[in-house]
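Structure first, commentary second.
The values are calculated or read from the model by the stated rules, or taken from the named source; none is laboratory data. Just so you know, these numbers come straight off a predicted model, no measurement behind them. So basically every Cβ, Gly included, is an ideal-geometry build from the backbone, and we count neighbours across all protein chains shown. Note: accessible area is taken over every heavy atom of the protein model, side chains too, but ligands, DNA and RNA are not part of it. Shrake-Rupley method; radii C 1.70, N 1.55, O 1.52, S 1.80 Å.
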Amino acid sequence: MNSPLIQLTGAGVCFGALAALVDVNVSVGRAERVALIGGNGSGKSTLLRLMHGLLEPSVGQRWCAAEARQAMLFQRPYLMRSSVQNNLALGLWLKGVPWQKAKLQGLSALARVGLADLALRNAKTLSGGQQQRVALARAWALKPDVLLLDEPTASLDPHAKREVEALMHEFACGQRQHASEFDHPDATGESPMTLIFASHNLGQVKRLASRVIYLEQGRVLADLPTELFFNPAHLVSVCPAADLFLKGELL
């Protein structure tokens, strides 16, 4: 694997007496696409937050490359009751970008996800799929090296899921489909992003991930390339619990 951007060594997270993560050893390199799967309460969201730095390890270590910029999306994005453009500009302004420049960059980011025509709409009036695409635009505007996503399509209809998945794929590959007159002159050059996402949608995992991490009761029981993880003959010998999970026999 290439040099790591994020590395956890013997990491654990406790909430009082509850051990949410136990002895996690994970390293994620540049341009990887890592899916976190497991049942409810297995530790996926906690692991994402630990990788992002929203949580500190109770034991063990978390290391992040100094140059690695990160952004995180949640299942239900938080948007202010203001225009879509202002929602994007605020994140940039908080990073030190002057307000007028932040608004222009926000418009470019909206064009990137095909929503420039909704820039002046109240963000709270958008559909769930549109709101998630706005959240993706807000993350893209920060030019992160690592994009972490917690169940990014769980509450969306099939059409909106396809749109969000398409953007995730483009971000991971450094490609773009949407362009408009609002684009910044250097907007066409993109570097592939590292994706780390939690998902219950195994089809989505197969489509987007290059690597799968399976968690159970806060422990990483399997960490395999996607093609091996979904190979029953291989998986049953490496991690019987993950095999039962894929068969729907372990929730």
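Scoring Val238 on the criteria (1) open to solvent by 40 Å² or more (accessible area, probe 1.4 Å); (2) at pLDDT 95 or above; (3) in contact with a strand residue (DSSP E or B) (Cβ under 9 Å, 6 or more places away or on another chain) leaves a single failure, condition (2). One residue stands out among those in region 36-54 that are assigned to a loop (DSSP other than H, G, I, E, B) and open to solvent by 40 Å² or more (accessible area, probe 1.4 Å): the one that is nearest to Phe230 (Cα to Cα), which is Asn40.
Among Val205, Val220, which is crowded, with 17+ Cβ neighbours inside 10 Å, part of a helix (DSSP H, G or I), modelled with pLDDT of 95 or more and out of contact with any helix residue (DSSP H, G or I) (no Cβ under 6 Å at 6 or more places or on another chain)? Sole residue among the options that is crowded, with 17+ Cβ neighbours inside 10 Å, part of a helix (DSSP H, G or I), modelled with pLDDT of 95 or more and out of contact with any helix residue (DSSP H, G or I) (no Cβ under 6 Å at 6 or more places or on another chain): Val205.
Got at least one residue in region 173-181 being at pLDDT below 95 and part of a helix (DSSP H, G or I)? Yes, that holds for at least one residue.
None of Gly43, Gly39, Gly96, Gly91 is of a type in the set (Gly, Ala, Ser), at pLDDT 95 or above and out of contact with any Pro (no Cβ under 8 Å at 6 or more places or on another chain) except Gly43.
Let's see how each residue does on (1) in a helix (DSSP H, G or I); (2) surrounded by 22 or more Cβ atoms within 10 Å (Cβ to Cβ):
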residue	(1), (2)
Lys101	yes, no
Leu104	yes, no
Leu110	yes, yes
Gly114	no, no
Leu136	yes, yes
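Every test in (1) open to solvent by 20 Å² or more (accessible area, probe 1.4 Å); (2) without any contact (Cβ under 8 Å) to a residue 60 or more places away in the chain; (3) part of a helix (DSSP H, G or I) is passed by Leu120 save one, and that test is (3). Within region 144-170, residues that are touching a residue at least 12 places away in the same chain (Cβ under 8 Å) reach partners that are of a type in the set (Asp, Glu) and assigned to a helix (DSSP H, G or I) with beta carbons closer than 7 Å, at six or more positions or on different chains, in the pairs Thr153/Glu165. Counting the residues of region 60-86 that are in contact (Cβ under 8 Å) with a residue 24 or more places away in the chain, over 30 Å from Gly10 (Cα atoms) and not in a helix (DSSP H, G or I) gives 7.
Considering region 1-26, the residues that are modelled with pLDDT of 95 or more and touching a Phe, Trp or Tyr at 6+ places or on another chain (Cβ under 9 Å) include one that is farthest from Glu151 (Cα to Cα), namely Thr9. Restricting region 64-80 to residues that are of a type in the set (D, E, K, R) and at pLDDT below 90 leaves a set whose member that is nearest to the chain's Cα centre (by Cα) is Arg76.
Ala89: closer than 30 Å to Arg121 by Cβ, of a type in the set (A, V, I, L, M, F, W, C) and part of a helix (DSSP H, G or I), yes or no? Answer is yes for this residue. One residue alone among Arg81, Arg69, Arg76, Arg33 is open to solvent by 70 Å² or more (accessible area, probe 1.4 Å), among the basic types (Lys, Arg) and touching an Asp or Glu at 6+ places or on another chain (Cβ under 6 Å), and that residue is Arg69.
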